[in-house]
Each structure stands twice: as C-alpha cells, then as structure tokens.
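Step one of this worksheet: look at the structure below.
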Amino acid sequence: RVIQAHGRMPRGQAEENVASFAEGNHDVLLATTVIENGVDIPRVNTIIIQNAQAFGMSTLYQLRGRVGRSDVQAFAYFFHKNDFITEQSAQRLQAMADLHELGSGFDVANRDLEIRGAGSLLGTEQSGMAARVGFDLYMRMLKKSMRQLRGLDLPVVPRSNVLLPGAEGSIEWVDGSAKNEKAAANSYLLPESYIEDAKERSQEESKARLAESTHQLVEITNGWKETYGAIPSKLQKSLKALHLHACLRQLGVDVVGLERGTGDCILRSPGLRPRHWAMICSQLPRGSPPKGLDVIFPARFSFSNDDTEITGGQRVDLEELLNNPQYGDDDEEWDALDEEEIEAMKEISSAQNIKRLSEVDTDNYPRFVVKALGKTAKKGSRVDALLKVLLPPSKVVFQKQQRDKEKAKVATELREKRELIAKQKKEQEKLGSRRMGYQY
C-alpha cells in the first residue's frame, strides 16, 4: 500500500496523505522533500533517499531526521548516481555517514561551512577555500582582509557642533529676536528677498543643510543661480559655514572649539584612525598632510606608548607607521582596538548639545589641531582658515566614497548576472536529468 505526497497536489491533499500514512493506513509514503520539516511519525523506521548527491547538507540532515524518532532502530539509505556525483556531493554524503550521533546539528553545519566555504561576506555567492586552510585560519585571514578593505570607514556624524567665538561657523536655528544677536546673525537663513515663496525657501534651505559634501552644495547653489539669480554677498558668507560643516561631517568631526591659553583650534574626530589618515594623505599632493593641519592619535589608537602627532605640511612615512612591527598583527590586539572604536563612536552623540569645548574629553580621542587659530586668524576669517586646510582631505574622502559606490554598483550588477547564469545552468541540469529518468 503506497501513497504519495508532493507540492503539486491540490491544497491540503499532501497533508491528508501524510496524516493517512501516519495513521497506519498505508505502508509506504512516496514523497518529495516537502516532508523534510514538520513530519513526526515515531512508527516509521526506514527512509530511502534517491539521487542523494543532488541535495544539500541541510536537506539531507532534515530528511534523515524523519526516522529514528522512537526507541525503534532506524535506517537511512542514501542512493546516488556515480555519473552525477561531484567532489562536494561526495563530501556531503561522507559527512552524513560520519555525523550520526544525537545532537550533531552544529557539527553538520560546521562541516557544511568547511565544504562550501564561507562565501562572499555581503553577497550570495558560496565559494571559498575554508576546507583547505581550516576554519580557524580562514576566519583570521578574513578578519585581516576586512581590515585592509575597510579603508575610509569614517563614522557618520549627524551634526558637528562648532563652538567658535562670536558663533562663527554656526548654522544653528536661532530666532532673530533672541538675546544672542551674534548667533542670530550667523544663523543660516535664506533671505526673503532672494526666494520670496516661504515654502520653497524652506525646502531649498533644508536641502542645503542636508548636503553630504561640498560638491553637492556647489550643485545646489548653481541651481539657485539659474533659478533665482546671483547669490547675495551675505548669503555667500553663510554658505561658507555650510561648506565647513560638510567638510567636518566628511572627516568625522563632531565638535570644534578653541583651547584657552594656546588659542589652538581642536577638531575632535572620535572615529579617525591612522589607516584613514594614511589613505587620505596618499591621495594628497606630495603625499603630505595640508600645512597647518596637525593630527594627534592617542596611544591606545596607535599601538604605541605615547601619543602620535603628525605635523601638517611635513612628509610622513605613514606606511611605516601602519606596518611598524611594534604595532603587531595579533588578532587579540586588533579585537581590542575594534572594541575601542565602538566605544569611541558613543562619544559622538555626547558633543551635540554642549556649549563649551571643556565639557567633552578631547585628549583621549583622535583630533585635528590648527595651531593658534584663535590668535592668528582675524575675527570673521576663522571659517575661511579652516576651510583652507579641511577642503583637500574632505575632497579625497568624497572622491573615495564615490568610487566605492560605483564599484558596489558594478559588483551588484555582476553578481546578479552570475546568479542568473547559475540559475539557468541549474535548470538545464535538472531538465537533462529528467530526460534521463532521474528526478530531483
């Protein structure tokens, strides 16, 4: 007495047939892989799987689990065709023979990872060499490659807090009737005389505030010139503040302020690392940081005993800095550094609502320094001075991000084509197998 169960049956028919088999009304259930989950029939003690070489490790493991669900000795037979068996399918069948103890699910998953490889980290492709080098070594190699590819993974800073005297560089919303007239004067507001319609003016101002780069800001202002005419001089001054904030966000700077006494301008960048600055400087003229823009990395972020200071305008062998043996390549050191980075990211939100630079910790985090800006730059010219040194590195970051976006787009298109080709090939193989009398 034989009964069938497969996915092409009318709704509910397959379930009824399985239930009938479970009740003992039939001796044999002929089914597809629809029974791999949710079927628990303790009285069944034998399963025969045809064309086992065509199934994945998970499917084979689930099918085998349909029997042996009581105290009765169970048997699972995996039949395969020698003409269709591959190296990986043979390894899967061998794994099924080796891993038969109760609770071996994790071992099955681990063996499957070794056979197929970990595949692409952010894609669907499953190919790799994990089995040849061992899983532990493979994971170490993967982590090292990820560190090399991370490149300019500077954290996203939603808003930079600029705390210069006289509210220079501030783009905070301030009511014109507020007591702080200086802040109100520097608050970025499009004049009504330039864009008369209130709704349109608000939309354009929001668009400018949300610009991710100086390049995007230039495109927006060019659009204004074509639509509304020449930009007023007062608005041009406000636009410089917007350009400054775009540069700060690009470089991961969350707070800017002047140190008392020295007049040094401190630009804290909690997520900046030596690898970031090395990549940026390698794309700058002469491979050196902009003159006047120094960078300080605390000891805990540079694997050294003292803070590392890179002076602007002086050529520095940043490759030696990154590859120095004293910084090591030990996984535990890098894991500890990753944890430090996570902690540093939490600091970004702490600077959004402060009123003075002294309210946050700057000494223990990476930072840019413009020496004596408060003393050498005239009142009203500090934004220009900062833009002069920040524009070149922020432009490098923007260009790198654009290239990465293009590469990601090309990679996505290529992956989709590969998946389509693989799908078509699989369909052709299935069709060929059916013609020869074998079914998947």
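Please treat every number below as a calculation from the coordinates, not as lab data. If you're wondering where the values come from, they're calculated on a predicted model, not measured in any experiment. Note that each Cβ is placed from the backbone with ideal geometry, even for glycine, and that neighbours are counted across all protein chains shown.
Whole-Hz Karplus ³J(HN,Hα) for segment 409-423, in order, using 6.51 cos²θ - 1.76 cosθ + 1.60 and θ = phi - 60°, x for Gly and Pro?
5, 5, 4, 5, 5, 5, 5, 5, 5, 4, 5, 5, 5, 5, 5
Under the rule a/c < 1.5 gives rounded, and otherwise a/b versus b/c splits prolate from oblate, where does segment 75-118 land using the Cα gyration tensor? Don't jump to the answer; show the numbers that get you there.
Working: a/c = 3.67, a/b = 1.22, b/c = 3.02.
Oblate is the answer for segment 75-118, as a/c is 1.5 or above yet b/c matches or exceeds a/b.
Once amide H atoms are placed 1.01 Å from N in the peptide plane, what residues at a sequence separation of 5 or more from VAL255, or on another chain, have their amide H within under 5 Å of its amide H?
Residues meeting the criterion, in which the H sits 1.01 Å from N, are ASN161, ARG268.
How charged is the neighbourhood of GLU212? Take every other residue with its Cβ under 12 Å from the Cβ of GLU212, and add Lys/Arg as +1 and Asp/Glu as -1.
Numbers: positive: LYS207, ARG209, ARG249, LYS405; negative: GLU219.
My count for the surroundings of GLU212 gives +3.
Would you mind classifying segment 234-299 by shape? Square roots of the alpha carbon gyration tensor eigenvalues, ordered a ≥ b ≥ c; an a/c under 1.5 is rounded, otherwise it is prolate if a/b is larger than b/c and oblate if not. Please report the intermediate quantities before stating the final value.
Working: a/c = 1.77, a/b = 1.28, b/c = 1.39.
Oblate shape, in that a/c is at least 1.5 and b/c is the bigger or equal ratio.
Starting from the amide H of ARG367, placed 1.01 Å from N in the peptide plane, find each other amide H under 5 Å away whose residue is 5 or more places distant or on another chain.
HN-HN under 5 Å from ARG367: SER269, ILE296.
Computed FRET efficiency, Cβ-Cβ of THR311 and GLU406, R0 41 Å: what is it to the nearest 0.05? Walk me through the numbers before you get to the answer.
On the way: r = 34 Å, r/R0 = 0.83.
Plugging the Cβ-Cβ distance into 1/(1 + (r/R0)^6) gives 0.75.
Among the listed pairs LYS199/LYS388; LYS234/LYS405; LYS199/LYS225, which are separated by more than 29 Å between their Cα atoms?
Long pairs (Cα-Cα over 29 Å): LYS199/LYS388; LYS234/LYS405.
Hey, what do the phi angles of segment 63-80 turn into as Karplus ³J(HN,Hα) couplings, whole Hz, using 6.51/-1.76/1.60 and θ = phi - 60°, x for Gly and Pro?
Karplus values, whole Hz, x for Gly and Pro: 5, 4, x, 6, 10, x, 9, 8, 8, 8, 4, 10, 9, 10, 10, 9, 8, 9.
Can you list the HN-Hα couplings for segment 100-107, worked out from phi with the Karplus curve (6.51, -1.76, 1.60; θ = phi - 60°), rounded to whole Hz and with x for Gly and Pro?
10, 6, 5, x, 8, x, 5, 5
Checking the a/c ratio against 1.5 first, then a/b against b/c, what shape does the Cα gyration tensor give for segment 1-86?
Values: a/c = 1.93, a/b = 1.32, b/c = 1.46.
Oblate shape, in that a/c is at least 1.5 and b/c is the bigger or equal ratio.
Run the quick spin-label model on GLN88 and LYS237: label points 7 Å from Cα toward the beta carbon, then report their separation in nm to one decimal.
The answer from the label model is 6.6 nm.
Taking R0 as 22 Å, what's the FRET efficiency between SER282 and ASP361 from their Cβ-Cβ distance, rounded to 0.05? Mind dumping the intermediate values first?
On the way: r = 30 Å, r/R0 = 1.36.
It comes out at approximately 0.15.
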